[in-house]
Every structure is written in C-alpha cells, then in structure tokens.
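The values are calculated or read from the model by the stated rules, or taken from the named source; none is laboratory data. Predicted model only: the values in this text are computed from it and were never measured. As a convention, Cβ positions derive from the backbone with ideal geometry for all residues, glycine included, and neighbour counts pool all protein chains shown. Protein only, heavy atoms only, side chains kept; ligands, DNA and RNA dropped before computing areas. Shrake-Rupley method; radii C 1.70, N 1.55, O 1.52, S 1.80 Å.
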Amino acid sequence: MTRNPSRARLFQSALLLGLSCAALHAQAPNPPRSTILIDPAHGGPDNGARLAADLVEKDVNLALAQRLRSLLAERGFNVVFTREDDPPAQADGSRPPAVTTDQRAETANHAHPLACLLLHATNGGHGVHLFTSSLIPLTMIDEPKAVLNWETAQAGSIPQSLRLVNELSSSFNSARLPLVVGRASIRPIDSLTCPAILIEVAPLEGEGGAKTPVSDATYQQNVAEAIANGLISWRSHAAPAEAAEKTVTPEKPAKPASPKPAPAKPAAPAKQEDGDKP
Amino acid sequence: MIPRYQRILFWTMAFAILLMAGLLARGCEKAHARLNAIQDDSPIAAPIDAPEEPTTLELANDANGFITQEQRLIALPHEPSGRARALLERLLTDYALPGSVHPLPAGSAVADVFFLDLPGTHTSYAHPTGAQLAVVNLKGSFADAHPSGIESEELTLRSIIGTLHTNFPMVEQVRFVVDGQPRDTLNGHADLSQPYPAVDTVDHPLHNLAPDGTRQ
C-alpha cells in the first residue's frame, strides 16, 4: 500500500502550524501590571463645563491627559486612553457620537490596569478634588461573585481605590497643591473593576485672591507631575496587593445574553498604548 | 480782641461743617446699602401668613467639600409641598448671595416639590403617613446655569437632600426632575437618573438607589 506524499506534506504543514500557534500563545506575555488607564471625560458633542468663552472642559481634560501620558511613559508605565482625540465637526455641523461611559468602562475593564484615572476640570471650588466611588465596599463576609453587577462592579475595589487616593493625596501635599477628598459616584466609576478615582482640577487661588485657571500650562504640569509621582508610589507600595488576577467581569445589563467570565488573558482592544513595558 | 459777631459766625460755620459731614457720611452709608441690594438678586419672597420658626438648613462649602447644619428663622407655609418648596427656595437663594461659599446662579430654582407614598411601606408612630418619596422639580434655567463640576453639583444635591431629610422625617427617598422631565445629570456630572436615599448628608456621601429602591 502506497502513501500519498502530497497528503502527508499537507498534514505535516498543518501540524507545524498548529504547534507554532500553540507556542506563540504560550509565550504571550501576561498583562503588564503597570498599565494606567486615563479617561479624559466628555468629548465629541459633550463639551462638559464651559470654562471660558473659548474653552470647554473636554479640551482641558484631554490636554491634562496628554501631559500625564508623557510623564507616565517616562516612568515606565503603559498608558491606555479611553479617547485619544476630539473628532472635529462634520461638514453639516454635526459631531460624531461621543464615546459613551459604558464604552469607557469596557475599555478599562479589558485593560486590567493598575489604576484608572477619570479626569475632569471645573471652574468651581479650589485646587484639586479627588473622589472615589460612594458605593458600599464589599466586606470579607460577602461571597465572591463569579459575575459582577455592571452598576456596582467598583464595590469590590473600593479599599484599593481608597489606598490609591491616600497615595495621591500625599503626592499632592508634597507638591503643595490644595486638595479636597470626597466620595461621589459619577459615571462610569461604579462600573470599573480597577482601583479608580475621579480627579477634578479646579482653579488655584493664590495669595491676594489671584486665580490660576485650569488652562494654565504650569499648573497642569504640576498636577500631572503630582499624579505621576503618586502612581510611582502606588506601584511600589500597593501593587503587590493587586497581583491576583481578576477573573470576573461585570455583567452589563444592556446585553440580554448571559454574561461570560472574562478570559484569564486580556483580549484588551485598547485604544492607545504607550510607553515602554517594564 | 475778637469781636463777638465774628465768634458767633465762627461757631455757626463750625456747626454747619459738622452737620454737613454727618449728612455726607449718612448719604454714603445709604448709597452703599443700595449698591449691596442691587447685587442681591434673590427673588422677593411671597408674603406668607405664618410666624417665623427655627429651621435647619444643610449648607455646602466648596472650599472644603463639607456640609454643615445652620439654624435660620424662616416663615414657612403649613401645607407640606409648599413648605418644602419655600424651604428649598430659601436654601438655594442663600447660595446666590454675594460672598457665598457655594455660589449658585440667582433666580428661582424650584418649580414644585411633591410627596408620594412609597409602595409597600406602613404607617408608624414615627411616620404616621408612611414613608414617602419627595420629587423635586427643578427649573431648567437653574440646572442649565448651575456651575458644571463634580464637587459643585454633588454638594448642591447633598444640600437639598440633607435639608429635606432634616425637616421632613417621613421622606425616605428623593428624586429629581428638571422642568417635569427626567434628566441624566444636573449639568453634566451629578446623576439624576435614579432616586437618592434621604440621609443626613453631613456625614454621608450620596449614592443612587437601585431601580428596586434598594441601596446599591
């Protein structure tokens, strides 16, 4: 009985291809634990607050995020953005739809970042405002859930978020930037599974009542440096507590299909990755 | 020797100078008060046939993000809806005064306040009418002109909810609508899509209730 040589070669090629894919899959690096997610809030038709006659919040958020990305990349962080730019208005004057808060949360949860920073700017108040979610944190007696509720996914990360706020507070104090710390549930923070904080930058009041606006480049740079320094401290002090990989993903009620547990390795269709891997 | 008529003339003129100085100072005071009154854009309160009574307001401070309780003497109507509306109008117009630590736009802010019985709740000695939902109907002009920001919007909601909780113990939940319609946020940040539990907001942060009314 004779063997067909072309069929044998085909079989060998298929076997080789399969082995190569398996080897590549096995060599895929684990998700880097030094990924930082930055969400410049608002965007598109959603301008956010009007900070001056020709300045809106979405642009200040994006400018601060870009400053922060440069500093974090220098310090060896991977940076993931939820939106990279602000698409210009179309010929008919309409604007493309904004990235929704649910889409921002999906990007964040797929990236498995070390910290999620949601950037805002305002004309009210003074200095920098840091907020964590006001959800009730899960306690030790709460049974771990295979699937988290989309609306309350942050509850399991509240202790880490509070520790992150402490790290950033120390950094802002060192930079002599005035700080207000509080709890507030502004979308999409409650749907995030990472340690997450809202950072709202307000004008800086100097001696004699002189105000430094949030659009001031030096002020923005000081804020960005304080955040970057705080994240370095967070990575060295608190990151070990984060080492356990999360194998759950929040259940999004808008999808009627039964939720699937997240894969152990991230599929992470991140919008932007930057910086050197550590 | 100074003649007598010259002495009389001197003292008469000195008295006239003092009188003129007094009149000038009084005129300056009046002008200052008038200018201050121009800066106060608070709407003139409707006359209420009720005595003033001590009332607790929960007031916000942007500088530190705190809510503090303060007592005020306010004349309030007896009917609950009108009473709540007058109370919140007073609270929010105080924020429009010059020098406010939580500056808000001037003008009328609250269109109506309704009280609805919450389903499944029972009357008790403490709550003879049963637990209630307060629906605060804000004016669109107020919401649109409200300073846009997390801290400012959250503090306004905490101030309103805390004041309602303190003065209307039967209120267990507070829901906000704008011009009678549901709205996602107050002005871009604070969530108005779900009701809030009525709590003492001096010590408690805000968080929405789940659609079934439970704390999330």
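Observations
- Atom-type composition of the exposed protein surface of the stretch B:52-197 places 55 percent of the accessible area on carbon and sulfur (1.4 angstrom probe).
- The loop-placed trypsin sites (Lys or Arg not before Pro) in the stretch A:88-189, going by DSSP, that have at most 10 neighbouring Cβ atoms within 10 Å of their Cβ come out as A:R176.
- Accessible solvent surface per residue of the stretch B:52-197, calculated while the other protein chains remain in place, 1.4 angstrom probe, Å²: 40
- With all protein chains modelled, accessible area of A:S94 [1.4 Å, Å²]: 50
- Phi-based couplings in Hz for the stretch A:46-58 (Karplus 6.51, -1.76, 1.60; Gly and Pro marked x): 8, 7, x, 6, 8, 8, 7, 4, 10, 9, 10, 4, 4
- The mean number of Cβ atoms from other chains found within 10 Å of a Cβ in peptide B:61-74 is 2, as a whole number.
- Here is the interface size for A with B: some 1700 Å² of accessible area buried, both sides summed, with a 1.4 Å probe.
- log10 of Debye I(q)/I(0), alpha-carbon scatterers only, for the stretch B:52-197 at 0.19 Å⁻¹: -1.19
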